[in-house]
Amino acid sequence: MTMQNEGTMLALRKAGPNPGLELSRVPMPAAPGEDEVIIEVAAAGVCGSDLHIEEWTSAYEFLTPHLPLTLGHEFSGRVSAIGPGVTGWKIGDAVAVKPSKACGGCPACRDSRPDDCSRRAALGIHKDGGFAPYVCAPVSQLLPLPDTLDPVLGALAEPLAVSGAAVEAGGVGPGDRVLVLGPGTIGQGAALLARRAGAAEVVIVGVNDGPRFAALAAMGFDKLVDLAEPGGKERLAELAGDGFDIAIEAAGAEAAVKTALTSLRLKGVMVAVGIHPEPPRTDLTMVARRQLQIRGSARGRHEVWVDVVNALATEPELFSHMVTHRMPLNQAAEAIEIGHRREASKILLLPGASA
Ligand SMILES: [Zn+2]
Ligand SMILES: [Zn+2]
């Protein structure tokens, strides 16, 4: 134990089942238990779901029994204390954290299929997360970050694993023509990882998404269609030609689902990864007639995490374009506002910078 586990720390919390978030002082995490570590958080990303939780949309009412709660499920940092029984890790190790942990006791877990666990619990969703200087995490959830990678960028591993899972669910491979709907972090990651998987063409669609398109342009994407601009629809139709092989819906908007389904070729695949504030209406008759497939995706398998950490370590400059804001935790309210106004691409909160 090297950290002091007395006193309090600043944390961004959801206090109760109503709109808003609270920046408040909470006790430091207790000494880590069996198979746990304390992580000193280097960075924690503000996710679209944090914005939904702040607004308190129906998709997140399931959090109610877990409140009050420190949010932050996209984080990285360094091991600062090690609990009994932990081997293979030392203080100072840089890590990314898989926030979602299998229960260990359900039929899928007992059958050695933890990825199919139906009772997962996640840091920052069900338990205190990374919008604080320190967080307690089960050692099973750690991924080592290579020394060459700035630990701050490790906070991109979680959303990139979501993107990677969507690319995998769509079966993206060499030569595929891919449409990404929603140029936010998940869409950006999907575009990058689809290109990495060999896609011949990646077209990204948004609506009033200037700052996010700027990040994509910096990462070398030039087929960017803003449907809010005059001629956007026509441009998309032209780029679609006979239809895309795969559409990744990462916008969480009813209109984007429609655009995805109508832009696919016959027997094309739509991957649903966006979270919708309200359930969208979907033209399933068209899905039937055009023999489309809709596949859901939400979370990366361990192998996908390993893959995205490798990708981050190989091309850190490329991925760093995803981050437009790095802000201290005590500016969290402003960060949430910027997020709501869609002026940002990824916003990272740096708890260590707040002191
Ligand atoms: Zn997230
Ligand atoms: Zn389970």
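The values are calculated or read from the model by the stated rules, or taken from the named source; none is laboratory data. Predicted model, so just to flag it, every value in this text is computed and none were measured. Quick reminder, even Gly has a Cβ in these numbers, built from the backbone with ideal geometry, and neighbours come from all protein chains shown. We work out accessible area using only protein heavy atoms, side chains counted, and drop any ligands, DNA or RNA first. Shrake-Rupley method; radii C 1.70, N 1.55, O 1.52, S 1.80 Å.
Could you compute the FRET efficiency for Ile294 and Asp150, with r as their C-beta to C-beta distance and R0 at 25 Å, rounded to 0.05?
0.10
Under a 1.4 Å probe, what is the accessible area of the range 160-296 per residue, stated in Å²?
43
Got a number for carbon plus sulfur as a percent of the range 160-296's accessible area, 1.4 Å probe?
The C+S portion of the solvent-accessible surface of the range 160-296 is 52 percent.
Please tell me the relative contact order of the range 235-355 in percent, rounded to the nearest whole number, where contacts are Cα pairs under 8 Å and at least six residues apart.
Across the range 235-355, relative contact order equals 18 percent.
Specify the inter-centroid distance of the range 187-255 and the range 21-76, based on alpha-carbon positions, in whole Å.
Between the Cα centres of the range 187-255 and the range 21-76 lies a distance of 31 Å.
Using a 1.4 Å probe and ignoring any ligands, DNA or RNA, find the accessible area of Cys47 and quote it in Å² to the nearest 10.
Answer for Cys47: close to 20 Å² accessible.
Relative contact order (percent) for the range 160-296, with alpha-carbon contacts under 8 angstrom and 6 or more residues of separation?
25
Please identify the longest segment of the chain free of exposed GluC sites (Glu not before Pro), where exposed means a DSSP state other than H, G, I, E or B and no more than 16 other Cβ atoms within 10 Å.
Between exposed loop sites, the widest span is 35-342.
Which of the lysines could a cross-linker span from Lys233 if the Cα-Cα distance has to be under 26 Å and same-chain partners fewer than 8 positions apart are dropped?
Output for Lys233: Lys223, Lys258, Lys267.
Work out Dmax and Rg for the range 148-236 from the C-alpha atoms and quote the Rg first, both in angstrom.
Values for the range 148-236 (Cα only, Rg and Dmax): 13.3, 44 Å.
Leaving ligands, DNA and RNA out of it, work out the accessible area of Asp307 with a 1.4 Å probe and give it in Å² to the nearest 10.
The value for Asp307 is about 80 Å².
Apply 1/(1 + (r/R0)^6) to the Cβ-Cβ distance of Glu61 and Cys103, taking R0 = 30 Å, and write down the FRET efficiency to the nearest 0.05.
0.90
At a threshold of 8 angstrom on Cα-Cα distance, excluding pairs fewer than six apart, so keeping six or more, what relative contact order does the chain reach in percent?
Normalised by residue count, the contact order of the chain is 18 percent.
Show that you can apply the helix-only estimate: for the chain, add -39,500 (n - 2.57) for every DSSP H stretch of four or more residues, divide by all residues, and state [θ] at 222 nm to the nearest 500.
-8000 deg cm²/dmol, from helical runs alone.
Protein chains only, probe 1.4 Å: how do Asp242, Asp116, Asp176, Asp209 rank by accessible area, largest first?
Asp242, Asp116, Asp176, Asp209
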